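The next block holds one structure in the form of structure tokens; read it before the comments.
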Amino acid sequence: MTTENPARPAPAERFDPRTYESRWRERWAADDLYRADDADPREKHYLLTMYPYPSGDLHIGHWYAATGPDIVARMRRMQGFNVMFPMGFDSFGLPAENAAIDRGAHPMEWTQTNVDRMREQFRSMGCMFDWSREVVTSDPSYYRWTQWLFVQFFKAGLAYRAMAPVDWCPKDQVTLAREQVEGADRHCWRCGTPVIKRDLEQWFFRTTRYADELLDFSQIDWPEPIRLMQTNWIGRSEGAEIDFAVEADGVAPIRVFTTRPDTIFGATFMVLAPEHAAVAALTTPARAAEVASYTAAARRETEIERMSAERERAGVFIGAYAVNPMTEERIPIWIADYVLPGYGTGAIMGVPAHDERDFAFATRYDLPIRYVVLPPGGTAPEGEAFVAHTADEVLVDSGAFTGMTASDGIAAITEELAERGQGSSAITYKIRDWLVSRQRYWGAPIPIVYCPEHGAQPVPEDMLPVLLPFDVDFAPTGVSPLQSNEEFLAASCPVCAGPARRETDTMDTFVDSSWYFLRYCSPKEDGFAWDPVTVRHWMPVDLYTGGAEHAVLHLMYARFFVKALRDMGLLPFDEPFLALRNQGQILGADHQRMSKSRGNVVNPDDLTGRFGSDTVRCFLMFIGPWDQGGPWNPSSIEGVHRFLGRVWAAAQATTGGHPRPIPGMPADAPGGFPPSAGEVPGQEMAAIEGGIRALRHATHLAIKEVGEDYAAFHFNTALSKLMGLTNALGDARDAGLAGTAAYAEGVDTLLLLLAPMAPHVTEELWARRGRAYSIHQQAWPDFEPALVVADMIELPVQVDGKLRDRLLVAPDTSPQEIERLALASERVQAYLKGRTPRTVVQIPGRLVNVVTPGG
RNA sequence: GGGCGAGUGGCGGAACGGCAGACGCGCCGGCUUUAGGAGCCGGUGUCGCAAGACGUGCGAGUUCGAAUCUCGCCUCGCCCACCA
């Protein structure tokens, strides 16, 4: 059985990536191979992958995240684009400060050490990062401009200071943005400690001003889940604000927000948040003690405690009454912590028949429940709220509005209230302004000074940066460590030059990352945050990749920044990132997130030491769909390494067998040989030419499919197709075709298509084949459409949808001929049992289905 | 509780509504080797000697034809969570 296929000879030289990988990386660096030129006239392509926090060592997840976009960047470059693919470090942040507290290392030094180490580790991956554009956010040359941008936001009224109840992490001793509080137990995103609320004077960015525009994704190609998460986070609700007069002298009417103004005839009570401003004035003396104790308890409770009482829906009657503007009924006013102070107006009308929470509350306190909207059937449910909202529900017991559909009722009631001056349609959002101040050291100081005379004043732009002092006390006390440095504190007022005190809070690191993609365009610019001309050239980012965990943090803040800067006249576009792709997460072998404390972190250095970077890159891309990730399981890395070994052998086996020219290819093409037809017997000649056609078909099909797969981030299937081409080259060698031009074309194509994924071995083999340096500067191959189509196709023949036979036909065989051949099949006849088929379904090039009269 | 996504061999995973399991791992057999390893060749969904039958979480439906579309259920993952 194996006599016709003698074992292929082992390659003359062993495949050992260690002998050439670092040599090529040094050459590429020395030649500045990956530097993107601002003035290059070719079409630009800005490809960006999220920069890392310099936590210490690069782990396998960084490799996974970076290799995908690197492949696409390399292909785009070969396709003729002027590609920029930069990298940097998000180097401000809490871990550096914690290292200082735990180990006594200064954050500045700790960060610098880590950045240096990780930069070297990044280089070992062989990515085409343009290191000449590196950005390090903790460098004064960077945060000077972060501060400058803060000042611009301040001047534009988009940065403001306010006393607010804020989420506070008791362990890290720091305030958190709302987006940084996670999970049902409301814990800190970084350390997992449950957060508490504190009232503090804090800095905010006015993200709410852009809520509506942030909901518009029409200009960008982003994954649906990310768009949904942002949409839900912004949480736009349409409804109405309605004023309810109160029975108390000198107290203004109370305004509530509702999405269901059509249910107003069912409003039988009112609930205020315990924090509502009117509570004090409205509470009657008889109820004062109970109200005070409830309010105090609510204030003391943490978010988790509120959650644990979730179904309680407890509240207190404050003794006062409001008037339902439609029914003119007196309704009691309660306070309850299920009404949130920060959403809507902090007050609701209680409509127990049509809201589950109101229903639970009314049931508990025996308040009236009145159904005013009924389902089309016309019967109110017993013992539960009817909350569905469809177009054909009907209003009942609603005065002049009775009989209207719910959607007509919303419009008509809102209009009626507006005419009376008691309400208007309104839109509310869940999104809050972005809390940006942190009581921490290792961040960009907020460039504000406080003058006893002139209040908060921005530091003049020519006095930036406000440098972080080196000597401070890092102990987490809840106040900014910068307060421990007297020299830093002392400042002068920019207005009166009198003594002033410097702001000691620093900025959330997400401020740094909201504009780093702009800085990459002109990283050395020192007269401005960026050079407007080069920013206009490179921006927006054409393709951004990173983890989906940033859906409502970084990705929303960056959009907000760009829109705000556009409105200040600083940027000429609306969106930072035109397309977005999310990679999956590589989990530990135990299916848990990789972390040092779990001891499941995979160190890429061990793997590259054994197999080289190319194997690790290919293996990571071969695991599965890139956007899916998965648990770490290195069992098949050997298989990928073997594949590169087969490429190694294939590319160097260029002699032997029958040298044949390719029809239509010049005889002097690389690997071409003069015709020698007379030397070969006719039958063998036909076999050789069939083999050549098959190989060229495999080659050109690979060009088409691998390119499409790379562009779609389907790296796993791209690699399987490259394996297929490699196997086809092996078959060609077995058939004695190693010396043909078709074989040379196949090898060159294989190397070019593999170059983005395995940059080192392809460069080495390209050089060994005597081709011009560098393979990474070659043009991406084009396929010939005629060769993508196979000579003969195998057509499955079904009877009643079940596979019964196959036809081998030329692709251009007529449907009539195919039907004739299918019906002539013995196997088909056996199933037809002499009957005439009811119909024959044909999908051109795909299959034939013979449908029997019974089928 | 709400939203989104995913369930396919022993494993990772392929498959514009059209041949289920590409490609690879593992395993079995062979060649080579003093041996081991490496490399190479062949086989490998399940049941069955075979013919064949059965197979994509479970149950219905649409269709000539469903892993793929629709409905219901189960399991897992992620996000949000008293948002009026």
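The values are calculated or read from the model by the stated rules, or taken from the named source; none is laboratory data. Just so you know, these numbers come straight off a predicted model, no measurement behind them. Please note: Cβ atoms are built from the backbone with ideal geometry, for glycine as well, and neighbour counts cover all protein chains shown. With ligands, DNA and RNA removed, areas are computed over all heavy atoms of the protein, side chains included. Shrake-Rupley method; radii C 1.70, N 1.55, O 1.52, S 1.80 Å.
Regarding A:Leu464, is this residue of a type in the set (A, V, I, L, M) and within 13 Å of A:Asp505 (Cα to Cα)? So A:Leu464 fails the test. Report, by residue number, each residue of the stretch A:222-233 that is within 10 Å of RNA strand B (Cβ to nearest atom) and either open to solvent by less than 10 Å² (accessible area, probe 1.4 Å) or of a type in the set (S, T, N, Q) (or both). Matches in the stretch A:222-233: A:Ile226, A:Gln230, A:Thr231, A:Asn232. Of the numbered criteria (1) acidic (Asp, Glu); (2) part of a loop (DSSP other than H, G, I, E, B); (3) under 15 Å from A:Pro54 (Cα atoms), the one A:Asp172 fails is (3).
With respect to the conditions (1) under 17 Å from A:Val552 (Cβ atoms); (2) without any contact (Cβ under 8 Å) to a residue 12 or more places away in the chain, A:Ala289 falls short on a single one, namely (1). Only one of the numbered conditions (1) crowded, with 17+ Cβ neighbours inside 10 Å; (2) more than 43 Å from the chain's Cα centre (by Cα) is not met by A:Thr363, and that is (1). Of all residue pairs spaced 6 or more apart or on separate chains, those with beta-carbon atoms under 8 Å, a first member in the stretch A:725-736 that is closer than 15 Å to A:Gly645 by Cβ and a second member that is near RNA strand B (Cβ under 7 Å from one of its atoms) are A:Thr726/A:Phe643; A:Thr726/A:Arg646; A:Asn727/A:Arg646; A:Gly730/A:Arg8; A:Gly730/A:Arg646; A:Arg733/A:Arg8. When restricted to residues that are open to solvent by 20 Å² or more (accessible area, probe 1.4 Å), at pLDDT 90 or above and either more than 16 Å from RNA strand B (Cβ to nearest atom) or touching a Gly at 6+ places or on another chain (Cβ under 8 Å) (or both), the stretch A:431-451 contains 1. Considering the stretch A:522-564, and only residues there that are part of a strand (DSSP E or B) and open to solvent by less than 10 Å² (accessible area, probe 1.4 Å), the residue that is nearest to A:Asn232 (Cα to Cα) turns out to be A:Gly547.
State all residues of the stretch A:706-724 that are more than 10 Å from RNA strand B (Cβ to nearest atom) and open to solvent by 10 Å² or more (accessible area, probe 1.4 Å); if no residue qualifies, say none.
Going residue by residue through the stretch A:706-724, those that are more than 10 Å from RNA strand B (Cβ to nearest atom) are A:706-708, A:710-711, A:713.
Selection gives A:Gly707, A:Glu708, A:Ala711, A:Phe713.
Is it the case that some residue within the stretch A:836-852 is small (Gly, Ala, Ser), outside any helix (DSSP H, G or I) and more than 16 Å from RNA strand B (Cβ to nearest atom)? No: the stretch A:836-852 contains no residue that is small (Gly, Ala, Ser), outside any helix (DSSP H, G or I) and more than 16 Å from RNA strand B (Cβ to nearest atom).
Reported count of residues in the stretch A:182-218, each being in contact with a helix residue (DSSP H, G or I) (Cβ under 7 Å, 6 or more places away or on another chain), modelled with pLDDT of 90 or more and not in a loop (DSSP other than H, G, I, E, B), is 6.
Before we move on, is A:Pro458 within 21 Å of A:Met108 (Cβ to Cβ) and surrounded by 15 or more Cβ atoms within 10 Å (Cβ to Cβ)? In short, no.
Residue count for the stretch A:317-328, restricted to those that are open to solvent by 30 Å² or more (accessible area, probe 1.4 Å) and either touching a Leu at 6+ places or on another chain (Cβ under 8 Å) or within 19 Å of A:Ala240 (Cβ to Cβ) (or both): 3. Residue count for the stretch A:340-351 satisfying the condition of being near RNA strand B (Cβ under 6 Å from one of its atoms) and either over 33 Å from the mean Cα position of the chain (by Cα) or open to solvent by 40 Å² or more (accessible area, probe 1.4 Å) (or both): 4. Note on the stretch A:461-511: among residues that are in contact (Cβ under 8 Å) with a residue 60 or more places away in the chain and farther than 23 Å from A:Gln173 by Cβ, the one that is most open to solvent (accessible area, probe 1.4 Å) is A:Leu467. Where helices (runs of 4 or more DSSP H) fall entirely within the stretch A:69-162, those with at least 1 residues that are modelled with pLDDT of 95 or more, closer than 23 Å to A:Pro540 by Cβ and among the aromatic types (Phe, Trp, Tyr) are at A:140-155.
Pairs meeting the criteria (first residue in the stretch A:710-724 and in a helix (DSSP H, G or I) and hydroxyl-bearing (Ser, Thr, Tyr), second residue near RNA strand B (Cβ under 10 Å from one of its atoms) and open to solvent by 10 Å² or more (accessible area, probe 1.4 Å), beta carbons under 6 Å, at least 6 apart or on different chains) are A:Thr717/A:Asp709.
For the stretch A:236-273, give me each residue that is assigned to a loop (DSSP other than H, G, I, E, B) and either open to solvent by 10 Å² or more (accessible area, probe 1.4 Å) or at pLDDT below 90 (or both).
If we filter the stretch A:236-273 for residues that are assigned to a loop (DSSP other than H, G, I, E, B), which is where we start, we get A:236, A:247-253, A:259-260, A:267-268, A:273.
A:Arg236, A:Glu247, A:Ala248, A:Asp249, A:Gly250, A:Val251, A:Ala252, A:Pro253, A:Thr259, A:Arg260, listed by residue number.
Taking the conditions (1) at pLDDT 90 or above; (2) closer than 21 Å to A:Met792 by Cα in turn, A:Val850 satisfies each one other than (2).
Checking the condition out of contact with any Asp or Glu (no Cβ under 7 Å at 6 or more places or on another chain) and surrounded by 15 or more Cβ atoms within 10 Å (Cβ to Cβ), which residue from A:Arg103, A:Arg161, A:Arg119, A:Arg190 passes?
A:Arg119
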